[in-house]
Amino acid sequence: MKTIFITGASTGLGKAAAQLFQKNGWRVIATMRNPEAAADLSSLENVTVLPLDVTNPEQIKSTVHRALDLGNIDVVYNNAGYGLIGPLEALTDDQIVKQLNTNLLGVIRVTQAFIPYFREKQNGLFISTTSIGGLIAFPLGSTYHATKWALEGWSESLAFELNKFGIDIKTVSPGGIKTDFVSRSLDSASSPAYEEMTNALFSKMDGMMDAASTPEQIAEVVYEAATDGKKQLRYVAGEDARALYAQRVELGDEAFREQFGKQFI
């Protein structure tokens with residue numbers, strides 16, 4: 001029986017992935033900040049729920065140690081994250097640091113904690129949830145995009161570094177997902193100087209959610225990445241994300257950026 005370790009598994013995509021892997025016969029180690037919120041997951045056969053705040057380096061080390069004590073792990077799925085929207089000049093330093101700690105440093109530290117284990121057994125797979133926002137950029141998301149674009153570059157470099165040890169690296173880049181992300185996992189800041197752009201952005205986001213995928217649909221892409229045996233690095237997930245990314249590739253970076261930006265300015 002194969003085992004997957006998942007961060008940010010309490011709700012949304014992380015929870016859907018945990019349920020899908022369990023349904024398909026995997027052992028699942030589902031981690032989250034508040035394990036008491038996951039009674040439905042912990043009641044499933046072969047699912048273990050552990051506490052993990054990915055902004056806490058010491059807890060990362062202790063939780064990874066506990067997970068490895070449970071037995072073999074085949075896949076680590078870095079999914080924990082949240083969004084931050086607002087003009088850069090309006091963001092507080094606490095908001096910026098929290099965004100970097102959660103979306104970027106959390107992934108790096110969890111991955112780093114597992115590398116010696118995978119390297120010694122000459123086998124393993126890391127999958128990270130990035131975003132279509134790691135391949136294209138929207139206005140007013142500079143710090144969020146900084147983390148997601150960083151994860152894409154980090155993953156590409158790390159693949160060169162670890163493939164020689166039998167360790168694979170993959171990213172899953174979803175578009176919109178129909179969850180309570182906006183109310184639960186979206187932080188924001190505002191400034192009157194950017195009000196017109198902010199209104200245009202949220203109006204566009206409302207429309208885009210009509211084409212958004214369900215968490216279960218994106219979880220299927222995660223499962224594909226975990227099981228297809230390919231050396232493929234990037235999996236663009238969701239019809240909306242695939243359409244946007246295809247448009248960027250077809251038009252080229254600058255033409256796409258000019259055309260896309262006209263919707264907000």
| remark: For the pair Leu233 and Asn163, the simple spin-label estimate (label points 7 Å beyond Cα toward Cβ) gives in nm 0.9 nm
| Under-5 Å amide H pairs with Thr171, H placed in peptide plane, nonlocal only | Ser128, Arg234, Tyr235
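Using a Förster radius of 25 Å, what is the FRET efficiency between Gln59 and Lys2 based on their Cβ-Cβ separation? Nearest 0.05, please.
Values: r = 25 Å, r/R0 = 1.00.
In this case the efficiency is close to 0.50.
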| field | Cα long-axis angle, helix 57-69 against the chain (0 to 90 degrees, to the nearest 10) | value | 40 degrees
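From largest to smallest, what semi-axes in whole angstrom does the range 3-261 give when each is the square root of 5 times an eigenvalue of its alpha carbon gyration tensor?
Working: eigenvalues 181, 81, 64 Å².
Value: 30, 20, 18 Å, ordered largest first.
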| request: Could you work out how far helix 142-162 tilts from the main Cα principal axis of the chain, as a 0 to 90 degree angle to the nearest 10? | output: 40 degrees
| task | Can you pull the one-decimal nm distance between simple spin-label points at Phe202 and Glu250, each 7 Å off the Cα toward Cβ? | result | 3.2 nm
| remark: Note to self: Kirkwood Rh of the range 1-94, Cα pairs, one decimal, Å, is 14.0 Å
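Work out the length of the dipole vector of the chain about its Cα centre, built from +1 on the beta-carbon of each Lys and Arg and -1 on the beta-carbon of each Asp and Glu, and round it to the nearest 20 debye. Numbers along the way, then the final one.
Working: 24 positive and 31 negative charges, 164 e Å.
Roughly 780 debye, rounded to the nearest 20.
Each value in this text was obtained by applying a stated rule to the coordinates, not by laboratory testing. Keep in mind it's a predicted model, so treat the numbers as computed, not measured. Counting neighbours? That spans all protein chains shown, and the Cβs are built from the backbone with ideal geometry, glycine included.
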